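Please read the structure below before turning to the comments.
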Amino acid sequence: MIAKKYRFHGQKSLNETYKRGITLYEKDFSIKSLTKTRQQIPRFAVVVSKKVSKKAVIRNKIRRKIYEIIRTNLNIIKENQNLIITVFKEDVLNIEHKKLNKKITNLIKKINNQEDKTNKTI
């Protein structure tokens with residue numbers, strides 16, 4: 001699990017990221033990102049809906065797996081970035097850690113490049 005300071009606090013900032021953020025899709029999940037100029041620390045959320053699995057145990061395993069990948073790759077994430085990872089399929093649980101790590105880091109790098117080109121900051 002990542003530290004509390006790296007997690008979203010309240011619904012307002014999540015909604016803002018959903019509305020104004022850049023989205024990139026992978027087969028099993030998507031990443032939505034928004035860069036904020038006033039923010040000093042990156043913030044993250046992992047969303048796994050009940051459509052993925054009715055069992056909370058499975059949803060939490062997926063969430064923990066992704067949070068661990070984020071925690072180990074904090075160095076590639078910008079300081080003022082909001083990231084929301086939305087999982088679509090239960091298959092994420094069966095993907096090897098290395099493969100999932102590579103997929104997530106590649107998407108984050110693509111988002112960073114795309115944000116640099118569009119310069120979409122708030």
Take each of the peptides 82-91, 33-42, 51-60, average the number of other beta-carbon atoms within 10 Å over its residues, and list them starting from the highest.
82-91, 33-42, 51-60
Value in Å of the Kirkwood radius, where the range 32-83 supplies the Cα pairs that are averaged
12.2 Å
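Could you work out the relative contact order of the range 4-118, using alpha carbon pairs under 8 angstrom and six or more residues apart, expressed as a whole percent?
Answer for the range 4-118 is 34 percent.
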To the nearest 10 degrees, how steep is helix 97-118 against the longest Cα principal axis of the chain, on a 0 to 90 scale?
20 degrees
Using a Förster distance of 25 angstrom, determine the FRET efficiency expected from the C-beta separation of Lys98 and Val57, and round it to 0.05.
0.60
With N set to the residue count of the range 22-61, report its C-alpha Rg divided by 2.2 N^0.38 Å to two decimal places.
1.51
What angle do you read, to the nearest 10 degrees and between 0 and 90, between the alpha-carbon axis of helix 56-72 and the longest principal axis of the chain?
40 degrees
Just to be sure I understand: of the beta bridges DSSP finds with both ends in the chain, what percent are antiparallel, rounded to 5?
60 percent
Once you treat every alpha carbon in the chain as an equal point and sum by Debye, what is log10 I(q)/I(0) at q = 0.10 Å⁻¹?
-0.28
Cα→Cβ-extended label distance, 7 Å offset, between Arg38 and Thr72, nm:
3.6 nm
What's the FRET efficiency of Lys27 with Lys4 using the Cβ-Cβ distance as r and R₀ = 41 Å, to the nearest 0.05?
0.85
Once label points are set 7 Å from the Cα along Cα→Cβ at both Glu79 and Asn113, what is their separation, rounded to one decimal in nm?
2.5 nm
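Only the coordinates and a few stated rules stand behind these numbers; no lab work does. Being a predicted model, the structure only gives us computed values, none of them experimental. Ideal geometry is used to build each Cβ from the backbone, glycine not excepted, and the neighbour counts take in all protein chains shown.
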